[in-house]
Amino acid sequence: MFKNEERIPLLKTDNLLDICYSSCAKIKDADDDYDNVKHKSGIWGLFRYASRGDVCLMVVGLVFSVLHGASFPVLALVFGQMTNTFIVQATHGFASNSTRVVNQNDTESSTSLLDGGLVSFATEASNYTAAVNRSFEPTRPSWMNDQLSPEEFRIYMSQFSFYYLAIGAGVLVAAFIQTLCWELACEHQVYRLRQIFFAQMLRQDISWYDKNQSGDLTIKLSDDLERVREGVGAKFSMVLQYISTFVSGLVVGLIANWLLTLVILSVGPILIATSAYMAKIASSSAAREQLKYSIAGGIAEEVLGSIRTVAAFGGQDKEVHRYKLALERGLSLAMKKYYILSLGIGAVFLVTYGAYGLAFWYGAELVGSGKATPGSVFTVLFSVMTGAFSLGNALPFVNAVSTAVGAASTIFDIIDRVPDIDPYSPQGDKPDKVLKNFSLEILPGKTVALVGSSGAGKSTIGSLLLRFYDPTSGQVSLDGANIKDLNLSWLRGQIGVVSQEPCLFGVSILENIRYGRSDVKLQEVVHAAMMANAHGFIAMLPQGYNTLVGDKGAQLSGGQKQRVAIARALVRDPKILLLDEATSALDAHSEGIVQDALDKAMQGRTTIIIAHRLSTIRNADIIYALKDGAVVEWGTHSDLMMKQGLYHDLVTTQTTDHVKDDLLSSGEVSGIETGMRQRRHEHKSFSSLSMSSLQDPDLEHLVQEVEQSKPEDVSFLRILRFNSPEWLLLLAGCFACMVVGSVMPIFAFFYGEVFATFTLTGEQLKSAALFWTLMFIVLAIVSGLSMWLEVVCMASAAEKMVLRLRLEAFANILRQPVGWFDLETSSPGRLITRLARDAPLVKSAAGMRAGQVLGALVTLVAAMLIAFLYGWKLALLLMIAVPVISFAGYQQMLIIRRNQRRDAELMNEAGRVASESVQNVRTVQALGKELLFCEIYLDSLIAPYLEAKKQAILFGVVYAVSQAVIYMMYAGAFRFAAYLIENGDMDTTNVYRVFFALAFCASSVGQTAAYFQDFSKAKMAAGLLFQLINRKSEIEISSNSGIKPVSAALRFEKLQGKVSFKDVHFKYPSRPDVMVLQGLNFTLNSGQTLALVGASGCGKSTVVALLERFYDPTRGTTVDDFNTQTLNLPYLRSHIGLVTQEPVLFDCSIRDNIAYGSLEADVKFADIKEAARKANIHDFILGLPEGYNTMVGERGTQLSGGQKQRVAIARALVRDPKILLLDEATSALDTESEKVVQEALDRAREGRTCITIAHRLSTIQNADCIAVIHKGRIVEQGTHEELKNLHKRYYQLIKRQRL
């Protein structure tokens, strides 16, 4: 089906693309409309990529899962026989060997029982039951008349202990093989699935990516695949194991006593339903937490990601209030879930203990009537109740499997989708129409420029040429051949692309350039870097070409990134060069250097230039002016200027004669903020990818955070004091916890009394059975009510504490200086994670977790009292065994965690490759490097895969030991108990009291022991949050501190706008070794405009940051002759309006976004409309269906760049500022949008002090003063003409921009 299938050597072993192709081809042939169809994978679909070896492993694992599941019902058979033996001894004591009378039936029974070895338990049970019931008497069963000699009793008990050991050995082997087989098969399948899914993601066409966010895809690659991994591994085997337990439990129960089994089954559906419901609720706890915090988390992410905007407009109190309301809504939602949860848990306890009471009562009736033995009653109780509980226990694992099926469905939808434009095969796509009747011919070696306003179709031409899309009609030809007929990889290999926002990958500069051509030599790389004017700065770096550029090239400036991207394009020696706004975002100095590089690169190549800055395309061979998807006019620059048409209009708006007075502000402020957002996004996506393979990512995350942040150690009392406002709830909850903790020891005591009851006969048996049945019912009611009270009270107290933790931490975060957010330990990404992920972990030291620990302590103390009161010797032996059980469970957790840090490091590289390549898929496809990235991703998966196989073996060993040790405990405990009984140190009834007290309670305490791990996480999380709550800000933003000057002449509190910098020195807290400003001096009178120009990194943006008091300088900075550090900070910022290059809008209406800049809590709508008119956007807003109530989307994504910019200007103007700070407010806009925004800015600056930072010098020539900054100092200052006549730095800058 695919012409180039044979030329894609992706995998070394697994023939990945063959799998992709065959799978996709079948789907494509079966359904031409596949994109509109949703396919469910089904349970068997989970194993779609299982090899024959995997299938063999799973079959073996299936057999041993069934054997493991049947182990406990089989143990119940042995336990029932042992119980009959104990009751015979308890009723009659021992007979001497000399007086023991043995008849023929006794001999046969004894021989069968003692010498039969490991015969069928079902046969053994029926033989034994037949023996003990051979003569029936209404008042006393005949088997109770038999006596056992000490030697016979010893032989019987040794035999039972041997059975327990044999079952334990079988469980040891079965559990190990079960776990190992399923885990190995799982890891191999997921290893293959990751490769195939990643390859298929990179295979999809760009029109598909337009409908799917890259963040969602990286989540699918990490979280969804992890869900599949959970569903096809050990958890799937657990489902099989529990089903086996249920089925074998029923079989054993029916064999032992079918009447009692049927009675219990009548209660079974209620128990199964309630257990299943509870398991479902418990398994969805993470989803519930996520849902509860989703709204508030979105607010925190939005606010902290835009902290400079929030601080500049004094929105801290607004955001804290908005966050609080969202938290309260989330709390209400969570408590509704907890109320349902409490009723469910109460019902489970009520039905469980009630079912035991019913079974005991009816069992006593059967024993009294001779239709059952006590042993068969215990067998049925153990086997059937265990089987019923197993269905409830299986529900979390069933939920994991069903979640895996759902996750696999979405993954397989992508795997099975065959893109029409296939980078592995030449096919086409049909996106929405943008160009209309468009015709364009470019001759070889010529330079063609495309100009026009936003939406004219310029960038679409580049996308069509690269075959990101295919035209609806017509064709694109290369050398006369339709590009649809060309091999897509070859086609893209002939084109070099340089875009406005270059994408670099998180590897070295050398590797980034080599992505242009894989087989390039170092000398060619250096040559390409020289052509791109990049060699100079690269050579000055400590590591040279081996310098890592960081995520998205974050370690390089904009100009440096652009030049590396140009080198990457040139190193492949492309026949066609596509330049899409390659210099628009650069400062004048960098632009000149890059433009020179581009001019050299264009020589001898067919070049297509897309430009807003028209001065860069005057020398093009032909210029096409586009409007509404059609060519309006074409010709050389001089030809089109003479026509005085569209091109003439575009040019004249950018010429010196038509430039208005001012503009400018600070590209670096927005640059820093953008970098913060990138780091936040990188933190989220990488953490989800790298941590996805860990069993406990929360612990790993907390350890890393504590190591870096070094918070104070928080005690349990400190957390309890913070929770003290909920003292009434805590008091009631603790009382309920103690009652719940006492339930299990009491139940164990009752269980021992059941044994004692069965030693009675006749009316005594009936009356005792009725009494203890009522006790079981009372216990059921008490346990149900106390569990309901515990959940309601402790959950309410914990949730309210977490709400207060988040709110106080968030409020204090917003009080911190902006410079604090630059530090790695307090980056917005980390803070967002701390609020979202760490705060709920504190509940492990409070709430239900703390209640469960308290209950476990009560359980332990009560169990110890019962055990030592009724048999201290046996209790001592069991006390030795219980730590062994706990130690096995602890080792299970320890081995899982031992390699977590190594796992994180191993998966981190795979996560980086996946995240980068998916987020930058246009660059990957434009470079034609899909297969290269697939190979890199495959290589990064090998180490985690091999490590996972090793851990599967360790996990299997520890899991098997933890499962088998309980059977060993049965063997040792009852054999020792027989010894004590034989010597007269204990009676049989007390053996059961002691054993059940410690066995049942050990299980309860063992489950709670896992919470101590959570408690350590809670302490670490609390320390991190209290560190945020208690941190003192270096720059106080409270409304009370600092002075608010009053104008003596005008008698009102308003600054006049005079700004002075006097010998200002400054270095960023995150870069203490770099002095950014080194004695900056200037004075700007009220109402004047100052333009700051200079190369990137010279300190222009720092001026704006210091004026807003995002940072404090070593000395200097005054407003109206007041030192800014002495002024009240909210008062200072209320007089400043800020407009940045990339304006941040919040996810609310246009009206709310404009009102955000207002100083009044309830801004008048008339003021909002007036500000919109001044910003040239009022008419546009009225044309929207929802008008001012139109939602702008996350970060304003529903608006174009020019529209967002004008909303931001309106937001700045609505506060009527005396000082206006403009940060490259028009540099990223097309000509038409720039003109509109420029007019708005010209009106906005009237009567205001204005500081503007610009790279596009044509926008600042009418400024009252222009200052050229170099290395943190002003080296030239004056008007445009004065500086131009000096023929120094400023002159060189304007010369480069052809002004």
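The values are calculated or read from the model by the stated rules, or taken from the named source; none is laboratory data. Being a predicted model, the structure only gives us computed values, none of them experimental. Using ideal geometry, Cβ is built from the backbone for each residue, glycine included, and neighbour counts are taken over all protein chains shown. Protein only, heavy atoms only, side chains kept; ligands, DNA and RNA dropped before computing areas. Shrake-Rupley method; radii C 1.70, N 1.55, O 1.52, S 1.80 Å.
Taking L765, L57 and ordering them by how much accessible surface each has at a 1.4 Å probe, largest first, produces L57, L765. At an R0 of 30 angstrom, the distance between the Cβ atoms of S1041 and L823 translates into a FRET efficiency of 0.80. Label positions at L774 and L1286, each projected 7 Å from the Cα along the C-beta direction, are separated by 10.4 nm. With a sphere of radius 10 Å drawn around the Cβ of G314, what net charge do the other residues whose Cβ falls strictly inside it have (Lys, Arg +1; Asp, Glu -1)? Result for the local shell: +2. Placing R0 at 56 angstrom, the Cβ-Cβ distance between T410 and Q523 gives a FRET efficiency of 0.75 after rounding to 0.05. With the charge dipole of segment 460-568 set up from +1 on Lys and Arg Cβ and -1 on Asp and Glu Cβ about the Cα centre, the Cα lying farthest toward the positive end among the listed residues A481, H527, G462 is that of H527.
Using a cut-off of 21 Å between Cα atoms, the listed pairs K1235/K1271; K211/K627; K337/K1017; K1067/K1100 include K1235/K1271; K211/K627; K337/K1017 as exceeding that distance.
When M642, M986 are compared by accessible surface with a 1.4 Å probe, the order from highest to lowest is M642, M986.
Using 0.36 nm per residue and subtracting the Cα-Cα separation, the extra length available between D1162 and M879 on full extension is 95.0 nm. Among 475-482, 1287-1294, 910-917, the peptide with the highest mean count of other Cβ atoms within 10 Å heads the list, and the full ranking is 910-917, 1287-1294, 475-482.
Cross-linked pairs K235/K324; K1062/K1284; K600/K1204; K1164/K1218: Cα-Cα separations exceed 29 Å for K235/K324; K600/K1204.
Inter-part distance, segment 1095-1168 to segment 1191-1206, computed on C-alpha centroids, equals 20 Å. Here the peptides 724-734, 407-417, 1097-1107 are ranked by packing, the mean other Cβ count within 10 Å, and the order with the highest first is 1097-1107, 407-417, 724-734. Modelled label positions at V1275 and T1114, each set 7 Å beyond Cα in the direction of Cβ, lie 2.1 nm from each other.
Note on N1123/D1242: beta-carbon distance plugged into 1/(1 + (r/R0)^6) with R0 of 41 Å gives a FRET efficiency of 0.80.
The distance separating the Cα centre of segment 304-362 from that of segment 461-538 comes to 52 Å.
Of the whole protein surface, I622 contributes about 40 Å² of accessible area at a 1.4 Å probe radius.
Once both labels are positioned 7 Å from their Cα atoms along Cα-to-Cβ, the gap between L333 and R618 label points is 5.8 nm. Given their separation in residues at 0.36 nm each and the Cα-Cα distance between them, C1148 and Q644 gain 177.2 nm when the chain is fully extended. With 0.36 nm allotted per residue and the present C-alpha distance subtracted, the D985-L259 stretch has 257.6 nm of extension available. Residue ranges 485-496, 1170-1181 sort as 1170-1181, 485-496 when ordered by packing (mean number of other C-beta atoms within 10 Å per residue, highest first).
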